[in-house]
Amino acid sequence: RGSADRRERDRMIVEIHGLEVFGRHGVGEAERTQGQTFLFDVTLEVDEPQEDAISATVDYRAVRDTVREVSDSSSYKLLESLAVKIADAIAAGHSVRSVTVRVRKPGVKWAEWTAATASRTHTSASTG
């Protein structure tokens, strides 16, 4: 039980906030043809690194690249769909316990921004 309790405590939260990515997403045709900047907030739960080395944790740059690749790969009408695809890609491609992705669309005429958030848990990331 002791090692299970330790693994439960030895978790780390890694955050990337305000990642700007140009994309062609939205319900309107003009949004998809002209495109705009979207803001991504990514929260990752990872195992606490056992050494002070990038190889011991998730590489923020690789997560950033995953967000960009998914956004660039397709045009989504819904922020919800984009958030889900990115959360799925991060959970599948990186060593994380869980991931939460919020996609913000700034500059909406009737609000400062709108957003959609998706979360995924990746159970096989923890090897105990």
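The values are calculated or read from the model by the stated rules, or taken from the named source; none is laboratory data. Keep in mind that what you see is a predicted model, and the values were worked out from it rather than measured. Because the Cβ atoms are built from the backbone with ideal geometry, glycine has one as well, and the counts that use them run over all protein chains shown. Ligands, DNA and RNA are stripped out before the accessible areas are found, and what is left, the full protein with its side chains, is counted by its heavy atoms. Shrake-Rupley method; radii C 1.70, N 1.55, O 1.52, S 1.80 Å.
How much area per residue is accessible in segment 1-107 when the probe is 1.4 Å and only protein heavy atoms are counted (Å²)?
I get 56 Å² per residue for this part.
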Could you tell me the relative contact order of segment 22-128? Use alpha-carbon pairs under 8 Å, at least six residues apart, and round to a whole percent. 29 percent
Report the net charge of residues surrounding LYS77, where surrounding means a beta-carbon distance below 15 angstrom and charges are Lys +1, Arg +1, Asp -1, Glu -1. +1
Could you sort the peptides 90-102, 38-50 by per-residue average Cβ neighbour count (10 Å cutoff), highest mean leading? 90-102, 38-50
According to a simple spin-label model (label point 7 Å from Cα along Cα-to-Cβ), what is the distance in nm between ARG61 and ILE16? 1.2 nm
Gain in length, SER119 to ARG68, computed as 0.36 nm per residue apart minus the alpha-carbon separation, to one decimal in nm? 16.6 nm
Can you give the FRET efficiency to the nearest 0.05 for LYS77 and GLN50, using r as the Cβ-Cβ distance and R₀ = 35 Å? 0.20
Cross-link partners of LYS85 among lysines (Cα-Cα below 19 Å; sequence separation of 8 or more within a chain): LYS77, LYS105
